[in-house]
Amino acid sequence: MHASASAIADAFLAERARVLATAIRIAHGDFELAEEAVQDAFEAALARWPVDGVPAEPRGWLVMVARNKIIDAIRRNVKLRGIVAQHDATEPVGGLDRPAVADDRLRLMFTCCHPALAPEAQVALTLRTLGGLSTDEIARAFLTAPATMAQRLVRAKSKIRDARIPYEVPEASELSARTDAVLSVVYLVFNEGYAATGGDAWVRRDLCREAIRLGRLLVELVPPAGASRHGYDALGLLALMLLHDSRRDARTDDRGDVVLLEDQDRARWDRAQIDEALALVPVALRGDPAQRPDPGPYALQAAIAALHASAPVAAATDWAQIAALFDELYRRQPTSVIALNRAVAVAMARGAGVGLPLVDELAGELADYHLWHAARADLLRRLDRKDDAATAYRAALARVGSEPERRFLERRLRELG
């Protein structure tokens, strides 16, 4: 690939969310106009950078081109000429990181998570605009049809435009009503980066980095204190992401194939990141008794990840404690996916024969979820029920979207003979 083409691809992965967030602000919250302008900017880069070379500030160049596209579009609409006057003064490219603009992505998150939108629409729209996920990827994350998700996204964008929802981080008095949705968004962005639901790469490091960066911003915005439980939730989420991301280099091999947790080279884990997270977990678990005596779901998940990170070898993992933490997590968030993870932990702690019935109980809820079939196949494999395991692996293969996961499942199927 030509060096400039590689630079454009790198810029798209690294800067798309930042460029789009700024473009939406410039377009006064018009998502469609901003998305078209950003797409035009990257197309312009494909045309110009191979000729002129990669600019010193790729993001600044892209924002400037997108801004000009937006202004041109506004000028074409006579009714909006009054808005054009607000943009006639040029915005210096070198000033894109000044405080007024530096939090554009955070503003975008809170705009998408406005209480006027349905909760599912809040999360989906932010995943689309900030996380850069495709409609199919978001639909898989919500276990829903792509067409349904596309309609939900269109309605959310129209609602923001028609209701003139402001593009801003809300005042402290309004933070509480919107922080839960923002935390959910960051969590789902990280999950898509940590284990991509589709495509050729299992780990999307750009999404993981962006989610962690946003998590740090949220901890600064809503610090752990007695005023709100959200500060402890943000701290727990940050610790959880740091712990999971610390294993990034060991989770795939040189071919990009999946390496399970139990088989990973723990010397490749990022110990500095683990140490940072382990210091946060006790604070997130403790919380503030005046606000909530029990730890939140992110803190509980971080505690589970901390037990994995603290085990020097896979055999030393405290699965009994992990299963107990999943019991607590399920009590707070009784979802079928958490129930599946709890069943797997019970199987690891007490044996596959104990865990398998718990997995089977979820058949009605997770029949279309490839990880349910994969988990069931693994337990059947451990019980030496090879024919049943092969059937379950085939069912997982029929539903998987990620190529690395597909190769892993095919490899497991071959091993069964």
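Quick one: which residue in R266, R271, R292 is surrounded by fewer than 19 Cβ atoms within 10 Å (Cβ to Cβ) and modelled with pLDDT under 95?
The conditions single out R292.
Taking the conditions exactly as written (part of a helix (DSSP H, G or I), over 18 Å from A375 (Cα atoms) and in the same structural domain as L371 (by TED's automatic domain parsing)), does A324 satisfy them or not?
Yes; evaluated as a whole, the condition is true for this residue.
So, of the residues in the range 384-409 that are assigned to a helix (DSSP H, G or I) and of a type in the set (S, T, Y), which turns out to be surrounded by the fewest Cβ atoms within 10 Å (Cβ to Cβ)?
Checked the range 384-409; the qualifying residue surrounded by the fewest Cβ atoms within 10 Å (Cβ to Cβ) is T391.
Mind checking which helices (runs of 4 or more DSSP H) fall wholly inside the range 126-212 and carry at least 2 residues that are closer than 30 Å to D253 by Cα and outside the structural domain of A11 (by TED's automatic domain parsing)?
Once the helices (runs of 4 or more DSSP H) in the range 126-212 are filtered for at least 2 residues that are closer than 30 Å to D253 by Cα and outside the structural domain of A11 (by TED's automatic domain parsing), what remains is 135-142, 172-194.
For the range 177-205, how many residues meet the condition of being at pLDDT 80 or above, of a type in the set (D, E, K, R) and more than 8 Å from the chain's Cα centre (by Cα)?
Going through the range 177-205 one residue at a time, the tally reaches 3.
Tell me, which helices (runs of 4 or more DSSP H) lie completely within the range 1-80 with 1 or more residues that are in contact with a Ser or Thr (Cβ under 8 Å, 6 or more places away or on another chain) and over 25 Å from V154 (Cα atoms)?
Result: 31-52.
Evaluate the range 254-262: report whether one residue or more is within 22 Å of the chain's Cα centre (by Cα), aliphatic (A, V, I, L, M) and within 19 Å of D206 (Cα to Cα).
Yes, the range 254-262 contains a residue that is within 22 Å of the chain's Cα centre (by Cα), aliphatic (A, V, I, L, M) and within 19 Å of D206 (Cα to Cα).
In the range 358-383, which residue that is under 23 Å from E415 (Cα atoms) and part of a loop (DSSP other than H, G, I, E, B) is modelled with the lowest pLDDT?
Result: Y369.
Output yes when any residue across the range 299-313 is among the β-branched types (V, I, T), at pLDDT 95 or above and in a helix (DSSP H, G or I), and no when none is.
yes
Taking the residues in the range 215-263 that are in contact (Cβ under 8 Å) with a residue 12 or more places away in the chain and β-branched (V, I, T) as candidates, determine which candidate is surrounded by the most Cβ atoms within 10 Å (Cβ to Cβ).
Out of the qualifying residues, it is V222.
For A211, all conditions in the list (1) surrounded by fewer than 16 Cβ atoms within 10 Å (Cβ to Cβ); (2) closer than 19 Å to A284 by Cβ; (3) touching a residue at least 12 places away in the same chain (Cβ under 8 Å) hold save one; what is the number of the exception?
(1)
Of the residues in the range 115-164, how many are among the polar types (S, T, N, Q), touching a Phe, Trp or Tyr at 6+ places or on another chain (Cβ under 8 Å) and at pLDDT 85 or above?
Result for the range 115-164: 0.
Confirm whether V313 is in contact (Cβ under 8 Å) with a residue 12 or more places away in the chain and surrounded by 19 or more Cβ atoms within 10 Å (Cβ to Cβ).
So V313 does not fit the description; no.
Restricting to the range 43-63, and then to whatever is surrounded by fewer than 21 Cβ atoms within 10 Å (Cβ to Cβ) and under 18 Å from R105 (Cβ atoms), can you tell me which residue is modelled with the highest pLDDT?
This residue is G60.
The values are calculated or read from the model by the stated rules, or taken from the named source; none is laboratory data. Computed from a predicted model, the values in this text were never measured in an experiment. So basically every Cβ, Gly included, is an ideal-geometry build from the backbone, and we count neighbours across all protein chains shown.
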